[in-house]
Amino acid sequence: MKDKLIIFDTTLRDGEQSPGASMTADEKVRIARALERMKVDVIEAGFPAASEGDFLAVQSVAEAVKGSTVCGLSRALDRDIDRAGEALKLAERSRIHTFIATSPIHMEMKLRMSPDQVVEYAVRAVKRARQFTDDVEFSAEDAGRSDEDFLCRILEAVIDAGATTLNIPDTVGYSIPAQFGSTIGNLIQRIPNSDKAIFSVHCHNDLGLAVANSLSAVMQGARQVECTINGLGERAGNASLEEVVMAIKTRQDAFSCTTGLDTREILTCSKLVSSITGFPVQPNKAIVGANAFAHESGIHQDGVLKNRETYEIMRAEDVGWSANRMVLGKHSGRSAFKSRMTELGFEFNSESELNDAFFRFKQLADKKHEIFDEDLQALITEVNTDTEEEHFKLIALKVCSETGEKPEAVVTVKVGTQEFTGTAEGSGVVDASLKAIESVTKVAANLELYSVNNINSGTDAQGDVTVRLEKAGRVVNGLGADTDIVIASAKAYLNALNKLEDKGVKKHPQV
Ligand code: KIV
Ligand code: ZN
């Protein structure tokens, strides 16, 4: 019998710390449901003490998810732990994840605490968290640069205080595989009560080694890996869930553990996270990139046709590629539409919400006759963002593009309750449209990123546009999808402007 490797997904917490990737409670619930369908063991839903919005998001995930443990992050502070405990009250299975930094530089320069004080805070935090749940995780932040003797001391103390999972984060992505693996092996060997807890790792990708470090730790006895869909996360991101899970599955000869994940759900999760956060997946990304299973060279194609194992180490369908099938079309009825949306994790709150979404679906099916799951995901995003509460709303857009002439756009936008029309020229129709919108909304944000992705192939495919805006240090991503990329761009731009309007301030856990 092989050991179980616990997969702890932190897309909704560390992933959300990527600039512009913040998610609403509804979006978090949609991703959490997809992770639950994939049988992820633990879902870290957020940092409840960060803001009222984060608290509500964790609470919503805790209420919605039944098959996975729902976890909330907290610093080693009473008020953070109490907030996390409160947010997780409705969860069927809950975990509180508390952390404090243990490296000399963090203790001295950031916390301004002595090592003794850090141990005291850690022990107190774990004991307090145990008052809410029996499932308590402790993280030694910046463990990758911490002294091994000190790690042994603090980890032994928190196990005695009731911690059931000990997480060893490489917070700044400094570690290298052989050394990180041997640290994990040493800790397990040296800590006298180590058999009373699961050892976990949480690796950042600053040197591109997050997955390699995580796997090296697993080889030395770690039995939980913290990771994110598409490797999303602070700075260069976290270890990518799909890469860790598929490495373990594909190389069972090298690992003495297995995960319980349904890997066929990987691609759906990847596309969902990409569409909600607006972080596109690069085509050559392992497992989930568009080229991950594409064979370009003639020799490779020939080999695969003769025997796929000549060049393929995994089956594309095992990570969900063949699930990317046409599911609905122009003639599909309301019940087929509703049932597929439910399978994708979307629940309609009322008949009128269903009618509205079905109407949008029919409009889309008139424009493109094959509707894929990705189109439905984009439609859900649109239903969720196109609400009455939005400050800016697109009413009409007309563009003019002619050889030898300057492209021009005329746009009508509803601002609050009033409609305004603006006109602008630009270097192209998209540029002209965004300038026309700015002439009306006057937000004066900086455009940091503009990207277009085809949701699926074909010239009638929907364009999925991401617009990243920055204003006064705040970064937001706006999303828009349409078969017309100019309209998709305008929707994405307005979506980002609406997010900037929402002034909710959020604390960063590590500050
Ligand atoms: O990278 C890190 O150290 C973290 C902790 C909060 C676990 O994200
Ligand atoms: Zn992290």
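The values are calculated or read from the model by the stated rules, or taken from the named source; none is laboratory data. Not measured: the values here are computed from a predicted model. Please note: Cβ atoms are built from the backbone with ideal geometry, for glycine as well, and neighbour counts cover all protein chains shown. What goes into the accessible areas is simple: the full protein's heavy atoms, side chains included, and nothing from ligands, DNA or RNA. Shrake-Rupley method; radii C 1.70, N 1.55, O 1.52, S 1.80 Å.
Worth a mention:
- Taking all protein chains together and a 1.4 Å probe, the residues 368, 435 rank 435, 368 from largest to smallest accessible area.
- Rounded Å value of the spacing that divides the Cα centres of segment 352-408 and segment 441-511: 14 Å
- With all protein chains modelled, accessible area of residue 265 [1.4 Å, Å²]: 50 Å²
- Cα-projected label distance for residue 412 with residue 105, points at 7 Å along beta-carbon direction, nm: 5.7 nm
- Förster-model FRET efficiency, 60 Å R0, residue 291 and residue 120, C-beta, rounded to 0.05: 0.70
- Taking a point 7 Å out from the Cα of residue 502 in the direction of its Cβ, the residues of segment 394-418 whose backbone N falls within less than 20 Å of it are 394-395, 414-417.
- Separation of the residue 444 and residue 196 label points, Cα + 7 Å toward Cβ, nm: 6.0 nm
- The H on the amide N of residue 140, modeled in the peptide plane, is under 5 Å from the matching H of 167, each at least 5 residues off or on a different chain.
- Computed with every protein chain present, the accessible area of residue 77 is close to 50 Å² [probe 1.4 Å].
- When +1 charges are put on Lys and Arg Cβ atoms and -1 charges on Asp and Glu Cβ atoms, the dipole computed for segment 412-511 relative to its Cα centre reaches about 620 debye.
- R0 of 41 Å, Cβ-Cβ distance residue 460-residue 127: FRET efficiency to nearest 0.05: 0.10
- Simple label model, 7 Å out from Cα along Cβ direction - residue 423 to residue 484, nm: 1.8 nm
- From phi via Karplus (6.51, -1.76, 1.60), per-residue ³J(HN,Hα) for segment 19-26 in Hz, x at Gly/Pro: x, x, 8, 5, 10, 7, 4, 4
- Estimated vicinal HN-Hα couplings, Hz - segment 445-452 in sequence order (Karplus 6.51, -1.76, 1.60; Gly, Pro = x): 9, 8, 7, 9, 7, 9, 9, 10
- Enclosed volume per residue, in Å³, of the convex hull spanned by Cα atoms of the chain: 166 Å³
- Diffusion constant of segment 388-501 at 20 °C, which comes from Stokes-Einstein with the Kirkwood Cα-pair radius and 1.002 mPa s, µm²/s: 152 µm²/s
- Between 0 and 90°, nearest 10: helix 351-367 axis offset from the chain longest Cα axis: 60 degrees
- Extreme residue, positive dipole direction of the chain, given options 15, 197, 475 (C-beta unit charges): 197
- The lysines whose alpha-carbon is closer than 30 Å to the alpha-carbon of residue 249, local same-chain residues fewer than 8 away aside, are 2, 4, 28, 39, 66, 196, 271, 285, 306.
- Antiparallel bridges, percent of DSSP beta bridges restricted to the chain (to nearest 5): 50 percent
- In this structure, the amide hydrogen of residue 198, modeled 1.01 Å from its nitrogen in the peptide plane, lies closer than 5 angstrom to those of 165, 166, counting only residues at least 5 positions away or on a different chain.
- Computed E for residue 510/residue 403 - FRET, C-beta separation, R0 45 angstrom, nearest 0.05: 0.25
- Helix 334-343 axis, angle to the chain major axis (alpha carbon atoms, nearest 10°): 30 degrees
- Potential lengthening between residue 252 and residue 307 on full extension [0.36 nm per residue; Cα-Cα distance subtracted]: 17.6 nm
- Per-residue ellipticity at 222 nm from helix content only, as computed over the chain with -39500 (n - 2.57) for each DSSP H run of at least four residues, stands at -12000 deg cm²/dmol.
- Relative contact order, percent, the chain [alpha-carbon distance under 8 Å, six or more residues apart]: 12 percent
- Under a model in which nothing but the beta-carbon of Lys, Arg (+1) and Asp, Glu (-1) is charged, segment 3-277 shows a dipole of about 400 debye around its Cα centre.
- Taking amide hydrogens as placed 1.01 Å from N in the peptide plane, the amide H of residue 449 sits under 5 Å from those of 468, each at least 5 positions away in sequence or on another chain.
- In order along segment 423-429, the Karplus-derived 3J(HN,Hα) couplings, from 6.51 cos²θ - 1.76 cosθ + 1.60 at θ = phi - 60°, round to 10, 7, 9, x, 6, x, 5 Hz, and Gly and Pro are given as x.
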